[in-house]
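See below for the structure under consideration.
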Amino acid sequence: MSPSVPSWYGVAASVLLVGIAFFLVLRERLGLGREVLVASARAAVQLVAVGGLLLILFRHTGLPGALAWVTAMVLLAGRVAGGRARGLPHVMRVATLAVATGTAATLGLLLAAQVIDTSGRVVVPVGGMVVTGAMQGASMTLQRMRDEAITGRRAVEARLALGLAGSVAFAPHLRTSLRAALIPAIDGTKVVGLISLPGATVGLLLAGVNPLTAIRYQVVVMYMLLGAAAVAGVVAGRLALRTMFDDAHRLVA
Amino acid sequence: MIGMQSVLSLDDVHVVRDGVSVLGGVTAQIAPGRCTALAGPSGAGKSTLLRLLDRLEEPTAGTVLLHGRPLPSYDVLEVRRRVGLVQQAPVLLGATVVEDLRTGRPTLSEDEAVELLGRVGLADQALSRLTASLSGGEAQRLCLARALAVGPEVLLLDEPTSALDAVAAMSVERVVRALVADGLTAVLVSHDLRQARRLADDVLVLRAGGLEEAGPAAESRYLAGAS
């Protein structure tokens, strides 16, 4: 075993950190004590289960199994992203379609151009990162659109009253939402390596890979996160726009 | 037949929202080239009725007609270009005066923009002036001009002076009076009975979702209550 991978004893010792977090939220009366414990326990259970499943997946199922795993991640991510923007019509479907499109486009390109290997050991973790990027793009776009539909309602109705179609009346708000959703991905890309050292690089460095090899992976990761967030954000925005207005171009969100 | 002599008419219009009756069987006409006030106590259904007229809301039952034809038989965007709306508090949609005016009509020329500003008493304003620097009264008159830019035949005014001080309110009233004198049809929702008396030719008085009174403003018992 590589010395850089913690033993089970090390994992148990790290529970002390949960204790510190728990102590702090109690002391500051943040009302988050239960959440800290539940989240920590949940993380451990989820990761052990996932580790076991991945072991089976990598050994026996090949690319179809890996893609099935990615599909399950897409469905879950769609629910999470949609849940953040409750109030928009059909938001679960919209979010899931957006995450699926962002993931399919990004992962499809990486596989087709042979940037990444087709083995489950590669497709599953890379797919996970792509799904996360797509989820964040879709989630932030939809959340912001929901907020814009509330705070910008009078402006949207003023444009509708001028005879503009719903999609045109909401266009400035869609732009605002997409900008807000994509700026974190763009900023993350800007400062990568300088401020943040993302998971993929950290993992490779811990595994003892040469830093110049590790950053090659990271460049691909940053570009794919940007791509996935952009595709998912724009698809979420466009799809949501269709559901936010009825046939008579009235804002129903 | 209902609606033949009027620009807009309502035929037994009901609106039920969340199980509560907001309008219960209103039949009324809006005559062309006149200002019709929608008056009545708060919660009587005035703003709902106004929003029915450009299909920002839909009746639960009954029909709203434009020139005798049901509104849904027109393209809804055409209805909204023909029936403009000015909201309660000014909502500015462009960074500069001319950008704001072009919201509904991007092809508006500078000459046309200047002419529109003249119609609402803003002839002295530069087209490049930032809308954020306009006073409340100026902003509301710009909203009027923006609605006029699309070329409506009817203007719906939803308490257009309620967010303004007295001087600004008078400036908006002057513009509305001049526009009606020029042949525009106006429908005005106002809480201010004296304002309704000053501006309106006709009045529809709503109470608890029903039509209580309809006729010339000068003969209205409800408006006469304002001293």
If I filter segment A:22-78 down to residues being of a type in the set (Phe, Trp, Tyr) and under 19 Å from A:Met129 (Cα atoms), which single residue comes out as surrounded by the fewest Cβ atoms within 10 Å (Cβ to Cβ)? A:Phe58
Quick check: is even one residue across segment B:67-76 part of a helix (DSSP H, G or I) and crowded, with 18+ Cβ neighbours inside 10 Å? yes
Would you confirm, using the coordinates I've provided, whether B:Gly84 is within 21 Å of A:Ala161 (Cβ to Cβ), within 14 Å of another protein chain (Cβ to nearest Cβ) and among the small types (Gly, Ala, Ser)? yes
Contact list, first residue from segment A:110-137 and buried (at least 16 other Cβ atoms within 10 Å of the Cβ), second anywhere and of a type in the set (Phe, Trp, Tyr), beta-carbon distance below 6 Å, six or more apart or interchain, is A:Gly120/A:Phe58; A:Val124/A:Trp69
Got at least one residue in segment B:93-102 being of a type outside the set (Ser, Thr, Tyr), surrounded by 14 or more Cβ atoms within 10 Å (Cβ to Cβ), over 20 Å from A:Ala155 (Cβ atoms) and in contact with a Ser or Thr (Cβ under 9 Å, 6 or more places away or on another chain)? no
Since A:Thr151 meets every condition but one in (1) more than 14 Å from chain B (Cβ to nearest Cβ); (2) out of contact with any helix residue (DSSP H, G or I) (no Cβ under 8 Å at 6 or more places or on another chain); (3) more than 30 Å from A:Leu55 (Cβ to Cβ), which condition does it not meet? (1)
Among A:Gly82, A:Gly52, A:Gly19, A:Gly31, the single one that is closer than 30 Å to A:Ala236 by Cα and either assigned to a helix (DSSP H, G or I) or out of contact with any Asp or Glu (no Cβ under 7 Å at 6 or more places or on another chain) (or both) is A:Gly82
Can you spot a residue in segment A:225-238 that is over 21 Å from A:Ala95 (Cβ atoms) and of a type outside the set (Asp, Glu)? no
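Here's the yes/no breakdown for (1) part of a helix (DSSP H, G or I); (2) in contact with a Pro (Cβ under 8 Å, 6 or more places away or on another chain); (3) more than 27 Å from B:Glu78 (Cβ to Cβ):
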site: A:Arg154; (1), (2), (3): yes, no, no
site: A:Arg159; (1), (2), (3): yes, no, no
site: A:Arg175; (1), (2), (3): yes, no, no
site: A:Leu182; (1), (2), (3): yes, no, yes
site: A:Thr189; (1), (2), (3): yes, no, yes
site: A:Val202; (1), (2), (3): yes, no, yes
site: A:Leu205; (1), (2), (3): yes, yes, yes
site: A:Ala230; (1), (2), (3): yes, no, yes
site: A:Ala236; (1), (2), (3): yes, no, yes
Failed item in (1) within 14 Å of chain A (Cβ to nearest Cβ); (2) not charged (D, E, K, R); (3) not in a helix (DSSP H, G or I), with B:Gly121 passing the rest: (1)
Candidates A:Ala104, A:Ala169, A:Ala85 - the one that is out of contact with any Lys or Arg (no Cβ under 8 Å at 6 or more places or on another chain) and small (Gly, Ala, Ser): A:Ala104
Quick one: in segment B:40-66, which of the residues that are among the hydrophobic types (A, V, I, L, M, F, W, C), assigned to a loop (DSSP other than H, G, I, E, B) and within 12 Å of another protein chain (Cβ to nearest Cβ) is nearest to B:His14 (Cα to Cα)? B:Leu53
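Values quoted throughout were computed directly from the atomic coordinates according to the rules given, and no laboratory measurement underlies them. Bear in mind that the values here come from a model prediction, so they are computed numbers and not experimental data. With ideal geometry, Cβ positions are generated from the backbone for all residues, glycine too; neighbour counts draw on all protein chains shown.
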